[in-house]
1. What number goes with the only condition from (1) surrounded by 21 or more Cβ atoms within 10 Å (Cβ to Cβ); (2) within 12 Å of A113 (Cα to Cα); (3) in contact with a Phe, Trp or Tyr (Cβ under 9 Å, 6 or more places away or on another chain) that L177 does not pass?
2. Could we say that V313 is modelled with pLDDT of 90 or more and touching a strand residue (DSSP E or B) at 6+ places or on another chain (Cβ under 7 Å) here?
3. In segment 314-338, what residues are outside any helix (DSSP H, G or I) and either closer than 15 Å to G258 by Cβ or in contact with an Asp or Glu (Cβ under 9 Å, 6 or more places away or on another chain) (or both)?
4. Is it true that T341 is of a type in the set (S, T, Y), assigned to a helix (DSSP H, G or I), at pLDDT below 90 and open to solvent by 20 Å² or more (accessible area, probe 1.4 Å)?
5. Starting from residues that are part of a helix (DSSP H, G or I) and over 21 Å from P96 (Cα atoms), keep the ones in segment 56-77 and report whichever is most open to solvent (accessible area, probe 1.4 Å).
6. Has segment 242-253 got at least one residue that is open to solvent by less than 10 Å² (accessible area, probe 1.4 Å) and within 17 Å of the chain's Cα centre (by Cα)?
7. Being within 14 Å of V147 (Cβ to Cβ) and open to solvent by less than 10 Å² (accessible area, probe 1.4 Å): is that true of L205 here?
8. Mind checking which residues of segment 39-71 are out of contact with any Ser or Thr (no Cβ under 8 Å at 6 or more places or on another chain) and under 20 Å from R121 (Cβ atoms)?
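The values are calculated or read from the model by the stated rules, or taken from the named source; none is laboratory data. Since the model is a prediction, treat every value here as computed from it, not as a measurement. Reconstructed Cβ throughout: ideal geometry from the backbone, glycine too, with neighbour counts over all protein chains shown. Each accessible area value is taken on the protein alone, full model and side chains, heavy atoms only, with ligands, DNA and RNA left out. Shrake-Rupley method; radii C 1.70, N 1.55, O 1.52, S 1.80 Å.
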Amino acid sequence: MTSNDFPSFGGVGGVGGAAGANLPALRGHNTALVLGLLRAAGEAGVSRLELAARTGLTPQAVSKITARLRAEGLAAEAGRRASTGGKPATVLRLVPGARHALGLHLDRDELTAVRVDLAGRPVAVRHAPLAFAAGAEQVLSTVEREVAALLAEKAEPPVLGMGVACPGPLDHTAGVLHRVTGAPERDGFPLRDVLAARFGLPAVLDKDTNAAALGLAQGMPAGAGSFGYLHLGTGLGAGLVLDGSLYRGPRTGAGEFGHQIVQLDGPRCSCGQRGCIEALCLAAVARGDLPGAARALGVGAANLVELLDIDRVLLGGRTVLDHSEEFLGGVSRALAAQARTRGSAGPVARTAVSVALAPGGARTVADGAAELVLAPLFGGHRPVRQTGQGD
């Protein structure tokens, strides 16, 4: 199975008795739009007329779609809303607990596994030591044990699939690892398909930073703009959301932030180059020089802002979380200095880009990995530009 093989919301079989009902496939762009709006509305819900107005679909098409979603347990009534004319409108909401998804974060030394509902909320979380550079079978054995435990915790509802996030570089489309920094022997390993075969679940693979950025983007309102998620843990990378969309690049190569060279005669990096910002940051942390590490990360963040003109920077990863004040301060100072240097000339005054800790803490990547499964089902929650009449 591949990332494009996701079945209907009925789910598929898997370890721990996760098989679901054999429901009709929920295909189609329009159904995804309706689901996305239901998800975005939360417990407050949304009426059919509002769904029609926001999607451009006819009320008849919306009624047909929502009737099917209700029959399959994915939507339910959430009360009635006063109308300006005629009878009160029935409000519908998503049923988050109707289906689940798995998210796996395979770090170089730790596995974090989550089981989430359709709203992306964790219902179970597991952590375990992991030697990512060890033999593939040892890694797979650890993953199998923890996933089996997650699935065993709840026999219902059905699990739609698993999202897997790990250090790059890798090929998201093919589901294959490349020369992962610190574990080059993994080059060419078809991790996605191996895991899909082991668990009988559809799987999708992406870089840890991409998964985190995707998950973070889902929690932002439409029009929130662009941001960079900088992850400093056992390595350093970035996830990029540009104009509201995750940017991977044509070869999943975007966001190799840690391997920008900022010191030509600098220390050797595990990637084989010298003076990478990842090597400088990690070396500074290792010798206890947190201000130096934060300053180096700030230089990289300023380079990123200079290159892409993003609206905000979010920080995450184990090392940042362990020393959040130092890293927030160091990156903020670097971006403030950049803004002062650029001044306020031009049509738009230059102000410092905002810096904050990414929501989710230590689960940011694992939650985002689950979103790799969920996001395609909801099709985004922005209004569409054209009118469609089908379902």
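1. (2)
2. yes
3. L315, G316, G317
4. Answer is yes for this residue.
5. Q60
6. yes
7. Here the answer is no, as L205 does not meet what is asked.
8. R39, A40, A41, G42, E43, A44, G45, V46
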